[in-house]
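The values are calculated or read from the model by the stated rules, or taken from the named source; none is laboratory data. Please read these numbers as outputs of a predicted model, since none were measured by experiment. Cβ placement follows ideal geometry from the backbone for every residue including glycine, while neighbour counts extend to all protein chains displayed. Calculation scope for accessible area: heavy atoms of the full protein, side chains included, ligands and nucleic acids excluded. Shrake-Rupley method; radii C 1.70, N 1.55, O 1.52, S 1.80 Å.
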Amino acid sequence: TLKSPSLITMTPRCRYAAAAILLQKTLAFLHSPVIISSDTRRTGIVSMMSALSPLDRELETWASASGFGSVEKSTPAGSSGWASFRKVTVTDPPSSTDDDDDEPVSFFVKSSTRSSEEMFYGEALGLEAMYACSQGGEDTLRIPKVFHYGDYSTGKGSFVIMEYLNLAGRSDDVALGKAVASMHLAPATEEAGNPTKAFGFAVNNTIGGTPQPNPWTKPNSGTQEWVEFFRDHRIGHQLNLAGDPYCSKLWDEDIAPRLHLLFEDLKGEKEIKPSLLHGDLWSGNIGSADGKPSIYDPAVYWGHHEAEWGMAWCAGFGQKFWEGYRSLIPKDEGFLDRKPLYDAYHQLNHYNLFGGGYIGSAQSDLESLKKKLNAKEKS
């Protein structure tokens, strides 16, 4: 089972956001229906709930068509405000995708009354990309393999089936740092969903409950395309949602026109290349599975690897983590100058999700960027 992150070690604003998310999930679970299922093939006993459940029928059809036999057991595994979860075992399971694990695969199933395109398409593609970028080598993340996603055959609901991981709390931070760096260094390929080596992603997705647009930039994109992407589809997008006149004016007049100055050190041999990003990497989305570091609940897209750290204020990355990460990806010269830019995206998103004092933090980040840009123009 997944251990909840300690609220004690978080910043006050991070504790507020985490508490809100945990409360939402707890209330949703308490009000979710209890689903009773049985092994119809082995016992011949069919409960009323499983007999009427469209998901049960979909799982049986999928298991048979995939050569996995039939559903042996299906048990509730919690819920969120928008989906229900189950752990499912089958009579003829595939082998584990982890070379160090001899146990047969169980499945984690998420289902919803909404369509697959709305709920699971982006998540499935994101996990598939993370899985592809975390293969080969020792310093890798444990990412669940996606086996299937789609709508019910009746058209009234959807589901995604992935490998079930025995999630535990965060463990070795050096290993975590190396594993995240390995994912960032993985090349953009067709297998990873980015054959043109562009910034963006195959579909728009969400970060928390906020829409996140991911239009592809041109093939073989570099620093200039990244600056334009982040300007328009990250900060500009969040500011449009926030509707804060002060922040919007500060961005439009004092920062956006000069944003390229923050990236002058990233040209030529240091040109930015697309890295696969988790996109929402905070302490609540970090754990371990089968002795390896694992990250989950992503908002995946291809971007500048430094953008991954926009939630570092809520992630508890210490010296050991950075020791592992920097052993593979050294810190670039302008990292600290760009940090308020990447922080601002997540502060604005938190304001759009939760309101409150996050707009003040976003203002501080933008004001800091203005000062840095003023200094660069004078130098």
Number of the condition not met by Asp139 [criteria: (1) of a type outside the set (Val, Ile, Thr); (2) crowded, with 18+ Cβ neighbours inside 10 Å; (3) at pLDDT 95 or above]: (3)
Phe85 farther than 28 Å from Lys178 by Cα, of a type in the set (Phe, Trp, Tyr) and buried (at least 19 other Cβ atoms within 10 Å of the Cβ): no
Scope region 310-348; condition within 18 Å of Glu228 (Cα to Cα) and open to solvent by 30 Å² or more (accessible area, probe 1.4 Å); matching residues: Asp337, Lys339
Condition check for Ala307: open to solvent by less than 10 Å² (accessible area, probe 1.4 Å), hydrophobic (A, V, I, L, M, F, W, C) and under 22 Å from Val174 (Cβ atoms): no
Some residue of region 63-80 being at pLDDT below 95 and part of a loop (DSSP other than H, G, I, E, B): yes
Unmet criterion (only one of (1) touching a residue at least 60 places away in the same chain (Cβ under 8 Å); (2) over 28 Å from Leu127 (Cβ atoms); (3) out of contact with any Phe, Trp or Tyr (no Cβ under 8 Å at 6 or more places or on another chain)) for Gly291: (2)
The listed residue being out of contact with any Gly (no Cβ under 6 Å at 6 or more places or on another chain), open to solvent by less than 20 Å² (accessible area, probe 1.4 Å) and hydrophobic (A, V, I, L, M, F, W, C), out of Ala77, Ala124: Ala124
Within region 316-342, tally of residues that are assigned to a loop (DSSP other than H, G, I, E, B), under 20 Å from Ser171 (Cα atoms) and either β-branched (Val, Ile, Thr) or out of contact with any strand residue (DSSP E or B) (no Cβ under 9 Å at 6 or more places or on another chain) (or both): 4
Residue within region 93-105 that is acidic (Asp, Glu), at pLDDT below 95, out of contact with any Asp or Glu (no Cβ under 9 Å at 6 or more places or on another chain) and over 25 Å from Ser171 (Cβ atoms) present: no
Residues of region 349-358 satisfying the condition of being in contact with a helix residue (DSSP H, G or I) (Cβ under 7 Å, 6 or more places away or on another chain), surrounded by fewer than 19 Cβ atoms within 10 Å (Cβ to Cβ) and assigned to a helix (DSSP H, G or I): Phe354
Filter result (among the charged types (D, E, K, R) and over 18 Å from Asp265 (Cβ atoms)) within region 210-227: Lys218
Selection within region 197-210 - β-branched (Val, Ile, Thr), modelled with pLDDT under 95, touching a Gly at 6+ places or on another chain (Cβ under 8 Å) and open to solvent by less than 30 Å² (accessible area, probe 1.4 Å): Ile207
Options Leu266, Leu241, Leu261: the member that is touching a residue at least 60 places away in the same chain (Cβ under 8 Å), open to solvent by 10 Å² or more (accessible area, probe 1.4 Å), more than 21 Å from Ile143 (Cα to Cα) and in contact with a Ser or Thr (Cβ under 8 Å, 6 or more places away or on another chain): Leu241
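To keep it simple, each residue is scored yes or no on (1) open to solvent by 20 Å² or more (accessible area, probe 1.4 Å); (2) polar (S, T, N, Q); (3) out of contact with any strand residue (DSSP E or B) (no Cβ under 6 Å at 6 or more places or on another chain).
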{"position": "Cys133", "(1), (2), (3)": "no, no, no"}
{"position": "Tyr152", "(1), (2), (3)": "yes, no, yes"}
{"position": "Ala168", "(1), (2), (3)": "yes, no, no"}
{"position": "Leu176", "(1), (2), (3)": "no, no, no"}
{"position": "Pro195", "(1), (2), (3)": "yes, no, yes"}
{"position": "Gln212", "(1), (2), (3)": "no, yes, no"}
{"position": "Trp216", "(1), (2), (3)": "yes, no, no"}
Matching residues, region 120-143, being of a type outside the set (Ser, Thr, Tyr), without any contact (Cβ under 8 Å) to a residue 40 or more places away in the chain and at negative phi: Ala124, Gln135, Glu138
